[in-house]
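None of the figures in this text is laboratory data; all of them are computed from the coordinates on show. For clarity, every value in this text was computed on a predicted model and none was experimentally measured. Cβ placement follows ideal geometry from the backbone for every residue including glycine, while neighbour counts extend to all protein chains displayed.
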């Protein structure tokens, strides 16, 4: 097998790895969409909490006002407490799913970086061995190709880092939005009472 054929095969492998990275990036976009869905579900659940507190307060007031007794009061409080506990459990479960999705993104980015680094190393070793066996003119061409491969690998690694940073920034932004929304709901509730 000629040197140029082997070099071409090595570059094809590097190209295939870049394609795999693109596929993983697409999968991660899907994971991020799922995270957003979970955060929206959380907000919906968190939006129910102030309403339940308001209803509970009204029920307690009416029970006390109408002197319906301790048993009715206890049943009312237990009912609303159960509903609030269920909502909080769902919110905690969604937090767990969001964290798992974020970890999945980080794990996949790390795996892609590792695979790319291994392929780059393999290509560099192969190119280095072949360069020693050819004439000065071919050595010059191989150096140009190697520089191009390294540039492409650097771009892929840079894109992987950017993807990770963007994903983390989006997760943090969504978490901040969720927190602000919760704070606003809490403040609105407190302002009403």
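By the count of neighbouring beta-carbon atoms within 10 Å, fewest first, 53, 80, 38 end up ordered 53, 80, 38.
Remark: 94, 56 ranked as 56, 94, counting other beta-carbon atoms within 10 Å and listing the fewest first.
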